[in-house]
1. Exposure proxy check: 37, 103, 70, 88 ranked by fewest other beta carbons within 10 Å?
2. Output ³J(HN,Hα) for the stretch 22-38: one whole-Hz value per residue in order, computed from phi by the Karplus curve 6.51 cos²θ - 1.76 cosθ + 1.60 with θ = phi - 60°, and x for Gly and Pro.
3. Which net charge results when you count Lys and Arg as +1 and Asp and Glu as -1 among the other residues whose beta-carbon is under 10 Å from that of residue 23?
4. Just to verify a number: FRET efficiency for residue 73 and residue 109, C-beta to C-beta distance, R0 = 22 Å, to 0.05?
5. Give, as a single signed number, the net charge of other residues whose beta carbon lies under 12 Å from the beta carbon of residue 56, with Lys and Arg counted +1 and Asp and Glu -1.
6. Determine the shape class of the stretch 22-69: with a ≥ b ≥ c the square roots of the Cα gyration tensor eigenvalues, call it rounded for a/c under 1.5, and otherwise prolate if a/b is greater than b/c, oblate otherwise.
7. Treat the count of other C-beta atoms within 10 Å as a stand-in for reagent exposure and order 83, 94 from fewest to most.
8. Can you compute the FRET efficiency between residue 90 and residue 51 using 1/(1 + (r/R0)^6), with r the Cβ-Cβ distance and R0 = 25 Å? Round to the nearest 0.05.
Amino acid sequence: MLILVILVSRKMIVIQVNVETFWQINTPYSLNLKQFDADFFILFNAASSQTHILNMLCADLLELLKDCPDNSIALSEKLAQQYEFSLDADFCIYVDKMLADLDCLGLIEPVIL
């Protein structure tokens, strides 16, 4: 949700607009992703000097965001198709939580297009 505050003739007008959040990689040039074994990846973020262990689904999500920002619905659809998962509410919630976790780690950020 986007909140716009506009001043018109010394009166403040607040407008709430529902905007789908798009996500992008925060610092793509500083992320080094290496496959650790068949199921896990090691991600080093040079910008924060932090190392993270990711599952394959999370690594693929970052790969999808590498080229261009996207919203959680489109990302859920792409991942479900890639992994042949059913695109249901549980899977969409899982992807939303994964995006929130990546945001908290500073690996991705919301962007308004």
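1. Fewest-to-most ranking of 37, 103, 70, 88: 37, 88, 103, 70.
2. So the J values, rounded to whole Hz, are 9, 10, 9, 5, 5, 9, x, 6, 9, 9, 10, 9, 10, 6, 8, 8, 4.
3. Summing Lys and Arg as +1 and Asp and Glu as -1 gives -3.
4. 0.75
5. My count for the surroundings of residue 56 gives -4.
6. Since a/c reaches 1.5 but b/c is at least a/b, the shape of the stretch 22-69 is classed as oblate.
7. 83, 94
8. 0.25
Read the figures in this text as sums done on the coordinates, not as results from a lab. All of these numbers come straight from a predicted model, not from anything done at the bench. Note: ideal-geometry Cβ built from the backbone for every residue, glycine included; neighbour counts use all protein chains shown.
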